[in-house]
Structures are given as structure tokens and as C-alpha cells.
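K.L.:
Submitted below is the structure of interest, expressed as C-alpha cells.
The values are calculated or read from the model by the stated rules, or taken from the named source; none is laboratory data. As the structure is a prediction and not an experimental result, all values here were calculated from the model. Positions of Cβ are generated from backbone atoms using ideal geometry, with glycine treated the same way; all protein chains shown enter the neighbour counts.
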Amino acid sequence: MINFILGPAPGRNPPELHRAIFELGVRMNRPFTIKDDQGVGQGPGITVFYGEGPLVSHFKKNTIRLPFSSPASPCVPVERDGKICFGSEGPEGTDLIAGSLNLTTFRHETGESDLPRDSFGRVPPAFHPLRNYFTEPLLENNAAWLLRQIESRSGEIKSVSSPWGGNRGALVLTHDVDGPILHSLFALSRSLMYGIMGNEREMESFRLGLLTRLSGRPDPYWNFDGWSHLEAMAGIRSTFYVYPGSTHASARHLNDPHYFIDSPVFIETLKRLASAGWEIGIHHGIKSHHADAYRESRERLSGLIAHPVTGSRSHYWGGVWTEPIHAWMLMDQIGFGYDASVSPQTLGYRGGSMLPAIPSLAWRRGVHDGLVVFPTAVMDAYVHRLDSGLPPEELKMKMNGLINNARKGGLLVADWHVRSFCNAGAHRWLLDPYLEYIFPLLNDPDFTIMTALQAAEAWRKHCCRCWQGEQ
Ligand SMILES: [Zn+2]
């Protein structure tokens, strides 16, 4: 048992600090408690003290004291045993708790007021503070290093959980449903317009769309069957995120998807997928990041498909990008169970974390029903041989790095749009990296393939097995 004891930590928010240590504890995969130092006796196991000032005397036996730094000290990547951790320098050494607090509250972004932002409020990857470390699981590395420090004093402590079964990692496959219809007049004219402006791939989309429409062939972008047949063959299920359309509380943004899910073909397709075990979640509209919009979106989609809807991802990563914690607090109030909107808009982890997190612990206790947040490390466009902007060798290295991080207890969330399955026109070469990197994992014994909802439930159970604070 690891007993984390929190001493005075001026300048740090106690619920946020509590939550950061929780995230480290569940990554250590050992039984642990978190308590304040006020009037707490020393329990069985090792005591790990974090805070400013002298240690309360009754904690001195079998106690390890973690380095503490001033909140004014900046958090930076630091190397430990060949792995990159994240912390700030204090008088007693590197404070990895401060680094973990910084990452779990996104203060590594918000603390830097002069970061350039685009029109959606997002920090472009080239200017992001973690830009050189996107594929490093910094929070997991922090936990691994701290655990080594603790076990060097206590001796080995047995792990208590295997979150994804055996010693396997989890692979969560998702499909954002953006522009799944090429045969509409809107989509055809848009492709033609871009084509005339010189975009050859869009011109190819226009020709393909026109030809298939005139000859009565299936719509090349409508690939719900393509994905579900492929996945059924592999014996797996995935998650589709669908834009529910405008609601009373939220208008459709120009860049939101243009389809209407209340059309019969949509309802029939989504119902069929849901009843065969695929998960259907919300793809939040760009202007939909407030409580009423969250509620209405969820009610509308679950009503239409006659299935509960508990998960989401934001279109353009919007809303959740600018104020992630606030957005999750609202989603939690509305009854969402998880959100998969954490992405640096390139390959990797935006918040330095590969594994899920439970931000709701900062505003309410409750792990068994906490709001789970997933980092989405891979998206089709980010591995596109041209659009990714990465040289082939770097692309390969990053993809293999992310996959290897996820083996043996880790997590990889990968998103391929429904339309990408056509691998032609504007979406040419988007299926190739799926076939190269993801498809082989469907039969890899190191991975359990889960829907996002299944992974959220498995993660909560794992957390409950580790945290001895909630029985
Ligand atoms: Zn989208």
C-alpha cells in the first residue's frame, strides 16, 4: 500500500493536486490512498509525503519525502533513466508532482499566455509547449520514475490490476462521421470548386462522385458498411461519432458537417450498427460547447437511434481545446460518461498522457462513475503521406513509437473517418496507413480491441482497484 500524504502546498489548488496524485497512483498500478497530513495516523505500507515544510513527526517511520518546488518554478521535460519526465526544479530535486499537476490541468498551455492561437482558439502544433515530446507518455513516465523511488525504499509492491486484460494494451478504433456523402449537390460543387482552384485530389473526387451518381453506383464516401464489414471479419467493434445537427441551443457552424441525421438512411444505418454492438457517440458541433447544447445533442441522438449515448468527441477538437476542464465539467453535469477530444492536432498526446484520465475528481469524488477523458493519439490525416507534413522516416518512427507505448498496459486511440475508407480523390492515401499500422494490430496478442465506452468502463474499474479511498 502506498499512502500519499499531502502537506501544505501554498499556491496549489488542493483538489487539483489530489487529482494529479490520483492520476499518478492509478498509473503506478499499486494500491494507494491520498490523505491530508492533518491528524492522520500512519497506516500500513509506505508513506509518501508531498508538501512544504517539516514532516509531521508521526510520519517519519517508513516515509519517503518527494521533492517540492515553488509554484513559480517552471515545469520542463527532464530525462530520468533514458525516459522523458516532466517536472520543475526545487531545492530537494525535481518535483514531478508539480509537472503532473501542470499536465493534468493543461497549465502547460494556459500558463503560457503568449502562445499563438488559431481562429478556433487552438495552439498550432508547431508552437505547442510539448511540440518536441508529443509522442512521449510524460505522465506515465513520471509515475514509473516515482514508483521506482518508492519501491527502492519499500521493496516491491504487487500490482493490483490489469486494466485491459492480461498484460495487454488497449486499442480503441473510432470513426468521426464528417462528410460521409459525396453525392449531394453541396459536396459535388465543393469538390468541383476546389478542383478548379487547382486541388487535383478534389477534382478527382468530383469526377468520381459525378460518375457514380450518374451511373447509380454507391456513394464513395458512404462507408459505414465498409468499416463494419472489415471489423466484423476481425471480430471487433469500434465507435462512430456523429454530428447530431443544430439544436435549439446551438446553431450549425459553417464548418460543421452538412448532413442531417434524421434522414431515414442515417437512422437506419446507425440503428443497425448500434444493435450489432458498435458504439455511437456524439461528434460535438463547433458552437455546441455549453450545457444546453450538450443535453439536447445527447437527447436527440439517443432518441433517434433508440440507444443510450454516453461518449463524445469534438469536431475540430473545438471547445474542448480552449477550455477543456470547463467543457468536461459541463459534460459531466449532463451525464456524459467520457470524452475523446484530447489531441495536439498531430500525432501524439496533447496533455503528456497516453492513458485515460478522470478530470471530474477535481470537482466531485467518485471514480466508479467519473468522467473519463481519452487522448486520441492518431488520426488518419496525421499519418497521410503528404498532408501530415512529416518525412516518411519520421512518420514511421512516430507511429511505431505510439504503438509500442501502448503495448503492455498502455492505450492507443486511433480515428479513421468514415469517408477515408474510399481511399480515393480528396481522401487518397488515407486508408494506406490504416492497412500498414492499424490492421495488423487487430490480430496482435498484445492488444485488446475495445469501443471507447468499453475502455472507459474498464479504466474506471482499474482505478477503483488501485485507489483504496472509495470502496
Ligand atoms: Zn469532425
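K.L.:
Taking the residues in region 10-38 that are under 20 Å from S70 (Cα atoms) and among the basic types (K, R) as candidates, determine which candidate is surrounded by the fewest Cβ atoms within 10 Å (Cβ to Cβ).
P.N.:
R12
K.L.:
For region 1-105, please list each of the strands (runs of 3 or more DSSP E) lying entirely inside it that holds at least 1 residues being of a type in the set (D, E).
P.N.:
Ranges flagged: 32-36, 75-80, 83-90, 93-95.
K.L.:
On the given criteria, is F127 over 30 Å from M450 (Cα atoms), within 16 Å of the ligand (Cβ to nearest atom), within 21 Å of the chain's Cα centre (by Cα) and not acidic (D, E)?
P.N.:
Judged against the criteria, F127 is not a match.
K.L.:
Is it true that some residue in region 268-288 is in a loop (DSSP other than H, G, I, E, B), within 16 Å of the ligand (Cβ to nearest atom) and of a type in the set (V, I, T)?
P.N.:
As a first pass, look at region 268-288 and keep what is in a loop (DSSP other than H, G, I, E, B): 276-278, 285-288.
The next check asks that each one be within 16 Å of the ligand (Cβ to nearest atom); those that pass are 285-288.
Cutting the leftovers down to of a type in the set (V, I, T) gives us 286.
Yes, some residue in region 268-288 is in a loop (DSSP other than H, G, I, E, B), within 16 Å of the ligand (Cβ to nearest atom) and of a type in the set (V, I, T).
K.L.:
Sticking with this structure for a sec: I'd like the residue in region 77-88 that is modelled with pLDDT of 95 or more and either out of contact with any Cys (no Cβ under 9 Å at 6 or more places or on another chain) or on the phi > 0 side of the Ramachandran plot (or both) and, out of all such residues, is surrounded by the most Cβ atoms within 10 Å (Cβ to Cβ). So that I can check it myself, show each step before the final result.
P.N.:
Keep residues of region 77-88 that are modelled with pLDDT of 95 or more, which gives 77-79, 83-88.
Checking the rest, the ones that are also either out of contact with any Cys (no Cβ under 9 Å at 6 or more places or on another chain) or on the phi > 0 side of the Ramachandran plot (or both) come to 83-85.
On the way: K83: 15, I84: 18, C85: 25.
Ranking the qualifying residues of region 77-88, first place goes to C85.
K.L.:
Within region 20-68, can you find the residues that are at pLDDT below 80, among the hydroxyl-bearing types (S, T, Y) and within 36 Å of the chain's Cα centre (by Cα)?
P.N.:
none
K.L.:
Give the residues of region 152-183 that are among the polar types (S, T, N, Q) and in a strand (DSSP E or B), sorted by residue number. Write out each step before concluding.
P.N.:
So in region 152-183, the residues among the polar types (S, T, N, Q) come out as 152, 154, 159, 161-162, 167, 174.
Correct list: T174 only.
K.L.:
Just to be sure I understand the filter: pairs with C-beta atoms under 6 Å, separated by 6 or more residues or on different chains, first member in region 63-79 and under 12 Å from R12 (Cα atoms), second member hydrophobic (A, V, I, L, M, F, W, C). Which pairs pass?
P.N.:
These pairs meet every condition: S69/A98.
K.L.:
Taking the condition within 29 Å of H427 (Cβ to Cβ), within 16 Å of the ligand (Cβ to nearest atom) and at pLDDT 95 or above, does D387 pass? Full working, then the answer.
P.N.:
Values: within 29 Å of H427 (Cβ to Cβ): yes; within 16 Å of the ligand (Cβ to nearest atom): yes; at pLDDT 95 or above: no.
Judged against the criteria, D387 is not a match.
K.L.:
Considering region 417-432 alone, what residues qualify as being more than 11 Å from D178 (Cβ to Cβ) and of a type in the set (G, A, S)?
P.N.:
Within region 417-432, A424, G425, A426 qualify.
K.L.:
Follow-up. Can you name every residue in region 142-162 that is touching a Gly at 6+ places or on another chain (Cβ under 9 Å) and buried (at least 21 other Cβ atoms within 10 Å of the Cβ)?
P.N.:
Answer for region 142-162, where residues must be touching a Gly at 6+ places or on another chain (Cβ under 9 Å) and buried (at least 21 other Cβ atoms within 10 Å of the Cβ): N142, A143.
K.L.:
OK, next. Could you check, for region 184-193, whether at least one of its residues is part of a loop (DSSP other than H, G, I, E, B) and more than 16 Å from the ligand (Cβ to nearest atom)?
P.N.:
Yes, that holds for at least one residue.
K.L.:
Taking the residues in region 408-421 that are buried (at least 24 other Cβ atoms within 10 Å of the Cβ) and not in a loop (DSSP other than H, G, I, E, B) as candidates, determine which candidate is farthest from the ligand (Cβ to nearest atom).
P.N.:
For region 408-421, the residue satisfying everything is L411.
K.L.:
Out of (1) within 30 Å of L188 (Cβ to Cβ); (2) among the polar types (S, T, N, Q); (3) in a helix (DSSP H, G or I), what's the single condition that is false for S388?
P.N.:
Status for S388: all satisfied but (3).
K.L.:
A further question follows. Looking at I261, I286, which is the one that is within 13 Å of V177 (Cα to Cα), surrounded by 15 or more Cβ atoms within 10 Å (Cβ to Cβ) and of a type in the set (A, V, I, L, M, F, W, C)?
P.N.:
One residue alone meets the criteria, I261.
K.L.:
Between residues in region 430-450 that are assigned to a helix (DSSP H, G or I) and residues that are of a type in the set (S, T, Y), which pairs lie under 7 Å by C-beta distance while being six or more apart or on different chains?
P.N.:
Here the result reads L431/S420, each pair linking region 430-450 to a residue that is of a type in the set (S, T, Y).
K.L.:
Please specify each residue of region 161-202 satisfying the condition of being in contact (Cβ under 8 Å) with a residue 40 or more places away in the chain, closer than 15 Å to G425 by Cβ and among the aliphatic types (A, V, I, L, M).
P.N.:
Across region 161-202, the qualifying residues are I181, L182, A187.
K.L.:
Also, I was wondering about something else. On the basis of being within 16 Å of the ligand (Cβ to nearest atom) and part of a loop (DSSP other than H, G, I, E, B), does I261 make the cut?
P.N.:
Judged against the criteria, I261 is a match.
K.L.:
Sticking with this structure for a sec: Looking only at strands (runs of 3 or more DSSP E) that lie completely in region 311-375, which have at least 2 residues being within 16 Å of the ligand (Cβ to nearest atom) and either surrounded by 24 or more Cβ atoms within 10 Å (Cβ to Cβ) or in the same structural domain as H18 (by TED's automatic domain parsing) (or both)?
P.N.:
In region 311-375, 311-314, 338-342 are the strands (runs of 3 or more DSSP E) which contain 2 or more residues that are within 16 Å of the ligand (Cβ to nearest atom) and either surrounded by 24 or more Cβ atoms within 10 Å (Cβ to Cβ) or in the same structural domain as H18 (by TED's automatic domain parsing) (or both).
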